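What follows is a set of notes on a single structure, which appears directly below.
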Amino acid sequence: MRYSIYPTGFANQTLEIVTSGFGGKARLFVNNQEVTTKKKQPMILRRDDGQEVEAAWKRDLFGIDVPNLVVDGTIIEVTKPLPAVAKIWCFLPLIFIFIGGAIGALIGILTATANVSVFRLPTNIAVKIILTLLISLTGTALLLFLASTLSALLQ
């Protein structure tokens, strides 16, 4: 998904954040050019007045949701945070961590990430709930299938 942001001092430039939607990394584009940086280094952006400022990602929601951007010490909110009820609904599959060990953790994290991605889609809330319910049921079925298959193989 693409999100346009409008930080102070960048009125004559277009700043966009692009995410892959499924737990992928967010990328920053200034005037349709990707801003690259070395790992663990802040990004350097040039304002309209020529001054260089630092920008860095600020992860929220365990790093699963769209990150915010900190430009020159100011937090730019890329998207509105999900409501608490939506967060609980999306993270319900994380129960698999306690039920299924490492395999349950993997399936739970992937399912929760997919649910958050669906809740970021610009569609009707009923469609979002149905899609996330199907994703969660698929994750549950996959966990049960893998658990029973591993149990049968180990006996």
For the chain, what does -39500 (n - 2.57) per DSSP helix run (n ≥ 4), summed and divided by total residues, give at 222 nm, in deg cm²/dmol to the nearest 500?
-14000 deg cm²/dmol
Out-of-range pairs (alpha-carbon distance over 21 Å; input Lys80/Lys128; Lys58/Lys87; Lys39/Lys87; Lys58/Lys80; Lys25/Lys80; Lys25/Lys58):
Lys39/Lys87
Can you give me the span-like helices of the chain, meaning DSSP H runs with 15 Å or more of Cα extent along the axis and Kyte-Doolittle mean at or above -0.5?
96-119, 125-154
1.4 Å probe accessible area per residue over the chain, in Å²:
63
About the Cα centre, and with charges only on the beta carbon of Lys, Arg (+1) and Asp, Glu (-1), how big is the dipole of the chain? Nearest 20 debye, please.
300
Can you tell me the order of 109-120, 141-152 when each peptide is scored by its average per-residue count of other Cβ atoms within 10 angstrom, highest first?
109-120, 141-152
With contacts defined as alpha carbon pairs under 8 Å and 6 or more residues apart, what's the relative contact order of the range 7-47 in percent?
31
Ignoring ligands, DNA and RNA, what percent of the 1.4 Å accessible area of the range 2-155 is carbon and sulfur?
64
May I ask for the distance between the Cα centers of the range 107-136 and the range 57-101, given as a whole number of Å?
13
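Pull out a ≥ b ≥ c, the square roots of the eigenvalues of the alpha-carbon gyration tensor of the range 1-50, then state rounded if a/c is under 1.5, prolate if not and a/b is larger than b/c, and oblate in the remaining case.
oblate
The values are calculated or read from the model by the stated rules, or taken from the named source; none is laboratory data. Owing to the predicted nature of the structure, the values given are computational and were not obtained by experimental measurement. Cβ: placed from backbone, ideal geometry, glycine included. Neighbour counts: every protein chain shown. We work out accessible area using only protein heavy atoms, side chains counted, and drop any ligands, DNA or RNA first. Shrake-Rupley method; radii C 1.70, N 1.55, O 1.52, S 1.80 Å.
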